[in-house]
Each structure stands twice: as structure tokens, then as C-alpha cells.
Amino acid sequence: MARLANLETEYPVLDSTVRNFCASHGIFSAAFAEQNDSSERLKEGIAQVLSIIDDMHQPWLNGMELLEDAKRNKHVFPTGIQGIDLLLGDGIRVGQLTELVGPSSSGKTQVCLRTASNVARNHMVLYLDTGNSFSPQCIAYFLGKTISPSSAQAKNQFLQKVMSNISCHSVFDIFAMFDVLHQLESYLRCQDGRGCCQMRLLIVDSISSLISPVLGSSSTLGRALMTSAGYLLKKLAHQHNLAVLIINHTVGGEGGSSKPALGDSWKCIPHSRLFLSCDRGSNTYNVSILRHPSMASVKAARFVI
Amino acid sequence: MEIWRLPISASQRGKLISAGYTSLSSLSSISSSDLARELNVSESEAMNILKVASHSRGSETSNASCSIVEVLDTFQWWAGAQSAWDMLHDEESLMHITTSSADLDNILGGGIHCKEVTEIGGVPGIGKTQLGIQIAVNVQIPNDFGGLGGNSIYIDTEGSFMVERAFQIAEACIEDMSEYNRFLRKDFQECKIKMQPQDILENIFYFRICSYTEQIALINYLDKFLSEHKDVKVIVVDSVTFHFRQDFDDMALRTRVLSGMALKLMNLAKRFSLAVVLLNQVTTKHTEASFQLALALGDSWSHTCTNRIVLYWNGNERYAYIDKSPSLRSA
């Protein structure tokens, strides 16, 4: 919220009398403006401030508009893994935050890579990597499996076209991630409305390694950063029609069972949560739903990558 | 973007918010002397705050007006972002560090990968330190023989680095190289081995640390060290968990410190294109009435490395298996 003094250059009605009046009531910025029935001049000033506030928040939508938006923009992307697609009813949804939780080496990165390679055929993908575990060979392998055998050159061209749609960025602390997300937001604002290949999938692998260094100390900054990261991701998902996939890991809970990291405050932020685990011997993976807007919880499935 | 997302100190943040500055746009049109006066801070502090704020805002304003052509270009222009296609080609040209054991190299896909953090764990006495020393020596194999020709950093927390053993390993390595040379290049008489064991030992930078604060300080210092010594290609830490296991009262602090350390090591690996090898101890985990060996420090630590190899005894022989890897199968 801009300070009133700075806004004077844009809106000359907010001259010093208005500002002094506001200052005497403890109003220093537009965030604290309130209605008042004094002189006309002050009323004008306050009305102007309120209209500035109105411009800053989202427009009101009614139910029909939301439904239309959902039908037109909020598609579902299949992950390419049959078990998960069946479990989720066709795949991950645009406009929602999906979280993959699981102990170490339970296949979370593989699921993300598979989904990325599937979505990249027609749309752009951004992969934020904190552990240098983005593997282009895996993506090439998944893509190679899905196309019919043809000449090596055609295959190469196909690989190049699809893999150029995937952009991988390494982030190693949470402030860097905020920077990247803000750049992404301004990029998407320019891009919305153009017909060309648009970004539809954002993967963060893994958000827990970014948040653990700041969470839990005596200041509350860590938790504030965590919730604001969650809200920023949800806002990006909804306003710019992205599907967001994030990876979390598990910590030991009571009685030796594992529970998702990042605690209870994080629990309600993602729209859907999937728990993955791996059977060491047989190389199959189990996935079960912890939370989903439209599927029953505790459903489980198995799959092989 | 909100003020409290900036990396500034808590007291500065408090002053900014109580003076009415809650977002970055409000800081855009004010000079540093005005800001210093309003917040009651020194001029240099105010300039610092404005610098941090404008740095974060700079990326936003530059995208304010863009044409279609620019849009497609700016996507890849983000600092550090690379398309998967480019990365595939980069990876094919990355070399691996051989571990001198053909089977281990096989399951690793050629050796230890650069730009990744590899964790090697095992019971005491299985040879982790030896493996660490071997890797520190092997990285110095010159390019002609398929090595990386780089230096190495050895960080010792337990005091188990024996110089005499390293000397033996270096000698054996050179013998290997000259045999290889004779075997393959019978007609190239000029390719003589110019390396002596002393040279190899000279290129290992050794740090001994005795407490966890020293460990954290060293990792922070490595940033500067690596910018000066660009030839370093591997960092071996033996063992990374030693100072964190006993006598650590505050578990939350331990988690925070460890994950911060892991992120910094990842950052170093990626920026300077080197391999990071962490040696770890094992502990027993009690699950379902049976005892199972698991690497120390628990789930949150095991999440932070890129690859993990576990060494174990089977009868009289040593075995290794890959526990976690983004691109290799379990073996």
C-alpha cells in the first residue's frame, strides 16, 4: 500500500490538508483509510483512496462465472502413470496445489519427471529444483518410450521440441524461490491472452528443503514464509491457470510411523495430498490419497514406473 | 511484493512496517536520506534497504512491457534457468570420477557424478574412509587418462585421514596409470607420466574440524575458497554427521542447521560443477520387531542428498547398493 504522500503526485486531491487529517487519525497509508463524514474535500480524498484500494484486490465473481472459468480453463492433466491417473480421476488439476509426500526414495521425483514429460508435449513446464535431482536422461527415456519407433533424426527433433518446453531452475534458499516466483508472475501477466504455447505446470522439488532451514526457530518468520509461499503458489495456480506440484518429505511421527514434514500449519494449504511409498523388493510403488477435494481419502493404488 | 519477504534484519523490518511501508512499491520513490530520517536509522542502513528492495523489484519492472518475441526470449533468460534439452547435452559431456572399483563404477553409471551430492554410508570398518581417500586421489587423474585432472578438498571430522595411506594410494594410482599407458599407447613414447605421488598429495586440500560450529563456518567459507581455487572438482566430507549425533540438545536447531548445510553444499556443487561426497555412519532402526540398519540423522537428512549408496557386509565380502538416485536403477 503506497504512502499517501507518494500518491499525491498521481492524485492531486490528496493534498496536505487531507493528509494532515489522515495523519491526525493515525492513517499513514491507504491500507488504513476509513469512511468519515467531514467536509466535501476530505470526502473526495477518502473516496479516491478507497477506489485505489478497490483496484488492488481481485474482482468479485459469482457462481456462474466461476463455473465457466472452471470449464474453460481448469483442465486436468494426466500424469502418464496409470495408477495415479485412475486414483485421481484423470490426473492433476489446473488451478490446484497437489502435494506428493513420502519417505526418502519413494518415487516422488520420478512421478514429477514423468508428469513433466507428459505435459511438456503441448505446454511449457517450469521445474524448480533444490537438490540437483532433475535428470534430463529420465525425461528423454520417458519420452522415448511413448513415441513409436521412427528414424533417429525424427526422434531427435521430437525430443528437442518437447524438452525445450521444460525449463529447470535451481533454487537453494527460500528467498531465491520468492524471486523466481515473482519473475514468473510478471512473465505470466504478459503472456496471458497470447495464443502461443503457454505455461501450465510448475513443479517445486522440494519445498521442504527450502523451508526447513527457517522453520522452528524462536521468531515466527519461518512460519510466515511458509504460509506466504503456499498462498503465492495457490494464487499463481488460480489466476494464471497453472497446475502446481510440490514435493514434501516425511519425518518420524509418534509410534515410529512417518508423517509429512512441515507440521500442522502446512497441512491445510495444498488442495490435494498424495502419500507415496515404495516396496523395496518388488520395485512397485504405492500411492494413497491423504486429502483431495473430490475423491475419498484413504484410497490406494499401486503402480510401476 | 511485501516487505517482510526481503532478507533484512527483524528490527529493520519492524521499523519499516511501523512507519507505514508494507510493500516494495512504497519504497520506490523515496530517497535514502528521507528514509533514514523517517525510520531513525543511519544513512548507510537506509541505502542498504533500498538496494535490496530495488534488486527484488528490478526483475518485475523490466517485464512491464513486452512483445510476443520478447516473451519467448525472456523465458529462457531468467538467470540460471535452462531448458531440459540443453541440460541433456550438458550432462552428456560431464565426466565422472571413477572409484577404482569396476563393479561400483558400473552401478553408478561410470562413477561419481559432478554437480550432485552423493552420500555413502556403511557400518564402521567397511572402508568408507578408504573410499573417500581413493576418490580424492582419483579426481586428479589427468584428462588424457579419462579423469578430471582437478584438485580435491578433504574435510575430516573424525581424524581418520592417514597420510601414509594416502601416499600408498597415490603410488598405486600412478602405477595403474603407467600400466594403462603402456597397454594402450604402445607407440606413443612421449606420453610419460609426469606425476609423482607428492604432486597428488599436494593437490588435496585438507581441513580438520572439531565441532559443529566449525563445520558450518567451513561450509560458509568454502564459497570464497572455491572462487579462488577453480580447479577443485570434488569435496569429500568424512563424516558429515559426526558432530551432530551426540550431545545435541535442540533437535529443531539440528534439523535447521543440517538442512541449511545441505542446501549450501548443493549450491556449491551446482555453481562450481563439482562433486560432493558425504560419508555417513549407520544406526539401527527398530521397525516391526526387527532391527534394520539405516543411515544416521534420520529421514530429514536422507531427503537432502541427490544419490545414496549403502555399503554392507555379506559373509566375507563387501557389497554396495544404490538407495536413491534420480537417474539410475536400484542395483
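The values are calculated or read from the model by the stated rules, or taken from the named source; none is laboratory data. Since the model is a prediction, treat every value here as computed from it, not as a measurement. Neighbour counts are summed over all protein chains in view; Cβ atoms, including those assigned to glycine, are modelled from backbone coordinates with ideal geometry.
Read through the list (1) more than 8 Å from chain B (Cβ to nearest Cβ); (2) closer than 21 Å to A:C278 by Cβ; (3) modelled with pLDDT of 80 or more; (4) not in a helix (DSSP H, G or I), then give the number of the only condition that A:F134 fails.
(1)
Hey, A:I92 hits all of (1) surrounded by 22 or more Cβ atoms within 10 Å (Cβ to Cβ); (2) within 13 Å of another protein chain (Cβ to nearest Cβ) but one; which does it fall short on?
Failing condition for A:I92: (2).
Residues A:L202, A:L274: which one is modelled with pLDDT of 80 or more, crowded, with 20+ Cβ neighbours inside 10 Å and over 15 Å from the mean Cα position of the chain (by Cα)?
Only one candidate passes the filter, namely A:L274.
Residue-by-condition table, conditions (1) surrounded by fewer than 20 Cβ atoms within 10 Å (Cβ to Cβ); (2) away from chain A (no Cβ under 11 Å); (3) at pLDDT 85 or above; (4) under 21 Å from B:F242 (Cβ atoms):
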{"site": "B:K264", "(1), (2), (3), (4)": "yes, no, yes, yes"}
{"site": "B:V276", "(1), (2), (3), (4)": "no, no, yes, yes"}
{"site": "B:L279", "(1), (2), (3), (4)": "no, yes, yes, yes"}
{"site": "B:H286", "(1), (2), (3), (4)": "yes, no, no, no"}
{"site": "B:F291", "(1), (2), (3), (4)": "yes, yes, no, no"}
{"site": "B:S300", "(1), (2), (3), (4)": "no, no, no, yes"}
{"site": "B:H303", "(1), (2), (3), (4)": "no, no, no, yes"}
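If I filter the stretch A:113-131 down to residues being assigned to a loop (DSSP other than H, G, I, E, B) and facing chain B (nearest Cβ under 9 Å), which single residue comes out as modelled with the lowest pLDDT?
A:G131
Say whether the condition of being hydroxyl-bearing (S, T, Y), in the same structural domain as B:L263 (by the TED database) and modelled with pLDDT under 80 is met by at least one residue in the stretch B:100-118.
Within the stretch B:100-118, one or more residues are hydroxyl-bearing (S, T, Y), in the same structural domain as B:L263 (by the TED database) and modelled with pLDDT under 80.
Starting from residues that are in a loop (DSSP other than H, G, I, E, B) and under 19 Å from B:A166 (Cβ atoms), keep the ones in the stretch B:230-250 and report whichever is modelled with the lowest pLDDT.
B:S239
Suppose the filter is hydroxyl-bearing (S, T, Y) and crowded, with 24+ Cβ neighbours inside 10 Å; does A:S208 pass it?
yes
How do the pairs read when you match residues in the stretch A:172-183 that are more than 24 Å from B:L258 (Cα to Cα) with residues anywhere that are among the polar types (S, T, N, Q), using Cβ under 6 Å and keeping only pairs 6 or more apart or on different chains?
If the second residue must be among the polar types (S, T, N, Q), the pairs left are A:Q183/B:S59.
Sort through A:Q160, A:Q183 and tell me the only one that's within 23 Å of A:N241 (Cβ to Cβ) and within 7 Å of chain B (Cβ to nearest Cβ).
One residue alone meets the criteria, A:Q183.
Of the residues that sit in the stretch B:133-175 and are touching a residue at least 60 places away in the same chain (Cβ under 8 Å) and among the aromatic types (F, W, Y), which one is nearest to B:I97 (Cα to Cα)?
Residue satisfying both the conditions and the ranking: B:Y154.
Among (1) buried (at least 22 other Cβ atoms within 10 Å of the Cβ); (2) in contact with a Lys or Arg (Cβ under 7 Å, 6 or more places away or on another chain), which single condition is A:M177 missing?
All conditions pass for A:M177, except number (2).
Exactly one condition in (1) away from chain B (no Cβ under 14 Å); (2) surrounded by 22 or more Cβ atoms within 10 Å (Cβ to Cβ); (3) free of Cβ contacts under 8 Å to residues at least 60 places away in the same chain is false for A:D85; which is it?
Condition (2) is where A:D85 drops out.
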